[in-house]
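Trainee: A single structure is presented below for examination.
The values are calculated or read from the model by the stated rules, or taken from the named source; none is laboratory data. Worth saying up front: this structure is predicted, and the values here are computed from it rather than measured. Neighbour counts are summed over all protein chains in view; Cβ atoms, including those assigned to glycine, are modelled from backbone coordinates with ideal geometry.
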Amino acid sequence: MDLIISFGTALVALLICLQVTVLLLWVERKGSALIQDRVGANRANLFGGLLPFNLGIVNTMIADPLKLLTKEDIIPAGADRFLHWLAPWVAVFPLFLTFAVVPFGDVLVIGEREINLQAVGLSGGILFVLAMLSLGVYGVIVGGWASNSRYAFLGGVRGSAQMISYEIAMGLALVSVALTYGTLDLQHIARAQGQLMWGVVPAWGIFYQPVAFVLLFIAGIAESKRAPFDLPEAESELVAGFQTEYSGSKMSMFMMSDFIEVAIVAALTTTLFFGGWQVPFLYRDGFHFPGGLTVAIPSLVVTLLQIVSFLVKLFVFCWIQILIRWSLPRLRYDQLMAFGWKTLLPVGLANVVASAVLLLLLEGWTGT
Amino acid sequence: MNPYAALLINAALCALVATVLLFLSRILGRRHASKVKYEVFETGNPPIGSLRGTRFPVKFYLTAILFIIFDIEVVFMYPWAVAYRQLGWFGLAEMGAFMAVLAVGFAYIWRVGALEWN
Amino acid sequence: MILFWIIAVFSIASALTVILHRNPVYCALALVMALFQVALMFVALDAHLIALLQVIVYAGAIVVLFLFVIMLLSLEPDVPHPGRYGIRSVSIAVAVALGIEIGVAVVASKPGPLVAAPSDFGSTQMVAESLFTAHVLPFELTSVLLLVAMVGAVVMARRRA
């Protein structure tokens, strides 16, 4: 029985990941169109235009992936065949797995059973996320190398150098979070944000670690090689960087890895800084407003509300990332690296020290 | 249930989905071998020189080494952060010393210009 | 127990690939696999924190460095040298001797009295408390070690450039 539940939560986590990714594809296209004051993709239609209306989002969501997946799979001459197949797999697999530790709800109570709505309740959750992101670098390096193309190779090397530079900043931001909550388990951190500060304001992480939030968000965007940090795959510069020689589903897997990372950064920020699935004033048995008003709600509805809350927050942060991509100009590669090493790293270190000192001052002397 | 067993289930599922995705265009797409398609893209000109002879700036090597060093530093901070409240001021002092030494190193490499990219 | 044998088989397979394969990039990737197996071993031994750190630092950072170096030097796939039988037989002999020595040491050693490990053995909390109280000195020395590595890397890289 445990096995089935575990498989169920795993499936849900993966489905959230996949659905969000496909949705993001459409949101990106339409959203960028909105920002750039144009219409965007609206030509995909069913049955060759027989229907008098265009289903819009559905068509694009089906047509886009279908188009990509039915393209011919080309491996350039002289390329390493095994590595060419391996690279997109290695790019995507750790990112899928990261969603396994993201809590998308509190508990689902079915009869006597309490199911923790997190596919894997790892006590070292934050470290696991960091580990998976570290593994994501290989997709880029191997992808660039396996193509036997100078553009791809250089793109791959520059991309991976960028990724590892910003991983340190992310790690430091996450250290401050671990410092604040005293745990690495994402579900515990999400639960800890259910308390109220001064009886009124929900104790979300953003109030405790605003610097870490900014740091994590920026480093996350840089890690996923999105604009304004996307020189390694800048469409007008290095062709498609390390993705140049890929076509068909392998190409779509690299594009997916881009969107999955957007989703991961969004999921991390909501879980660590914005309460994850927490709805303000909502507890397991209903609402408890600060004025004393209590509304009892059945636990299934509570769970549903929490899952919806998580998804809404996830989308807000995905949208913010899309907004950032289409608003800011691209950083030059040396500016990019300088920013990662000379700005984010010292800020991260300073934040850790400051948080540590503040923590001890505010919570009193515990001594040795 | 052991969380690592759940992790294994997750990993198997993700690996399966990733593999299916990988081979989808092989299955769904067309396959016409044509010599031109297999040429490597270099804006129309035939590729010059072999990939093997590409000169590769040393800066990348330096970035990777510095990454390892700072990664190890960050990794030491995690157990410290989790047990921080038990370690108290002494813990802060220890980590402070650790970070100070590395900060000196960081300042040195900054001054020396190892973080420059042109 | 089954897990141990599965991990063992994969470890040995990856390790052999690292040594025997001709293409250095494949060797580096096999190294990642081997290090991953070590991390799985740590999990099987309840050392959860170390398992994750193993993946982050070893499999995620150090092999990246190896790959960078391999690509930096554009290492050609290895071609077996025909005239090197002297060195090859010596190295095989040394490896066999080492194997025998390790085997004898393992078989002849008697494990100490079994002590029940505390329930949170290997957890982050426990490692931290142990590391920062009983083993502070090695920890601080590590920082000096890292400093030396940093400065050394920079000096060497600049001399090359």
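Trainee: Would a scan of segment A:311-323 turn up a residue that is assigned to a loop (DSSP other than H, G, I, E, B) and farther than 29 Å from residue B:106 by Cβ? Even if it seems obvious, please write down each step before you answer.
Mentor: Of all residues in segment A:311-323, those assigned to a loop (DSSP other than H, G, I, E, B) come to none.
No, that holds for no residue.
Trainee: Hey, among the residues in segment A:331-345 that are touching a Phe, Trp or Tyr at 6+ places or on another chain (Cβ under 8 Å) and surrounded by fewer than 21 Cβ atoms within 10 Å (Cβ to Cβ), which one's nearest to the other protein chains (Cβ to nearest Cβ)?
Mentor: If we take residues in segment A:331-345 being touching a Phe, Trp or Tyr at 6+ places or on another chain (Cβ under 8 Å) and surrounded by fewer than 21 Cβ atoms within 10 Å (Cβ to Cβ), then A:334 is nearest to the other protein chains (Cβ to nearest Cβ).
Trainee: Only helices (runs of 4 or more DSSP H) wholly contained in segment A:146-211 count here; list those with 1 or more residues that are more than 14 Å from residue A:274 (Cβ to Cβ).
Mentor: A:150-181, A:186-192
Trainee: While we're here: Taking the condition over 17 Å from the mean Cα position of the chain (by Cα), surrounded by 18 or more Cβ atoms within 10 Å (Cβ to Cβ), of a type in the set (Gly, Ala, Ser) and modelled with pLDDT of 70 or more, does residue A:91 pass? So that I can check it myself, show each step before the final result.
Mentor: Values: over 17 Å from the mean Cα position of the chain (by Cα): no; surrounded by 18 or more Cβ atoms within 10 Å (Cβ to Cβ): yes; of a type in the set (Gly, Ala, Ser): yes; modelled with pLDDT of 70 or more: yes.
So residue A:91 does not fit the description; no.
Trainee: Also, I was wondering about something else. Kindly evaluate residue A:261 against the criterion of being crowded, with 21+ Cβ neighbours inside 10 Å, at pLDDT below 75 and under 25 Å from residue A:31 (Cβ atoms). Let's see the steps before the verdict.
Mentor: On the way: crowded, with 21+ Cβ neighbours inside 10 Å: yes; at pLDDT below 75: no; under 25 Å from residue A:31 (Cβ atoms): yes.
Taking the combined requirement at face value, the residue does not satisfy it.
Trainee: Test residue A:139 against the stated conditions and say whether it is more than 9 Å from chain C (Cβ to nearest Cβ), at pLDDT below 85, assigned to a helix (DSSP H, G or I) and crowded, with 23+ Cβ neighbours inside 10 Å. Give the derivation first.
Mentor: Values: more than 9 Å from chain C (Cβ to nearest Cβ): yes; at pLDDT below 85: no; assigned to a helix (DSSP H, G or I): yes; crowded, with 23+ Cβ neighbours inside 10 Å: yes.
No, not satisfied.
Trainee: If you don't mind, there's one more thing I want to ask. What number of residues in segment C:62-81 are facing another protein chain (nearest Cβ under 7 Å) and either touching a Pro at 6+ places or on another chain (Cβ under 8 Å) or modelled with pLDDT of 90 or more (or both)?
Mentor: 3
Trainee: What residue, of C:9, C:18, C:25, is assigned to a helix (DSSP H, G or I) and surrounded by 20 or more Cβ atoms within 10 Å (Cβ to Cβ)?
Mentor: Checking each option against the conditions leaves just C:25.
Trainee: Of the residues A:331, A:311, which is under 27 Å from residue B:69 (Cα atoms) and touching a residue at least 40 places away in the same chain (Cβ under 8 Å)?
Mentor: One residue alone meets the criteria, A:331.
Trainee: I would also like to ask the following. Of all the residues that make up segment B:77-106, how many are under 16 Å from residue A:178 (Cα atoms), hydrophobic (A, V, I, L, M, F, W, C), at the interface with chain C (Cβ under 7 Å from one of its Cβ atoms) and part of a helix (DSSP H, G or I)?
Mentor: 3
Trainee: Let me ask another. Does residue A:102 satisfy the criteria of being more than 9 Å from every other protein chain (Cβ to nearest Cβ), surrounded by fewer than 24 Cβ atoms within 10 Å (Cβ to Cβ) and not small (Gly, Ala, Ser)?
Mentor: Values: more than 9 Å from every other protein chain (Cβ to nearest Cβ): yes; surrounded by fewer than 24 Cβ atoms within 10 Å (Cβ to Cβ): no; not small (Gly, Ala, Ser): yes.
For residue A:102, the condition - more than 9 Å from every other protein chain (Cβ to nearest Cβ), surrounded by fewer than 24 Cβ atoms within 10 Å (Cβ to Cβ) and not small (Gly, Ala, Ser) - is not met.
Trainee: List pairs: first in segment A:79-108 and over 17 Å from residue B:24 (Cα atoms), second among the charged types (D, E, K, R) and surrounded by fewer than 24 Cβ atoms within 10 Å (Cβ to Cβ), Cβ under 6 Å, 6+ apart or cross-chain?
Mentor: A:107/A:114
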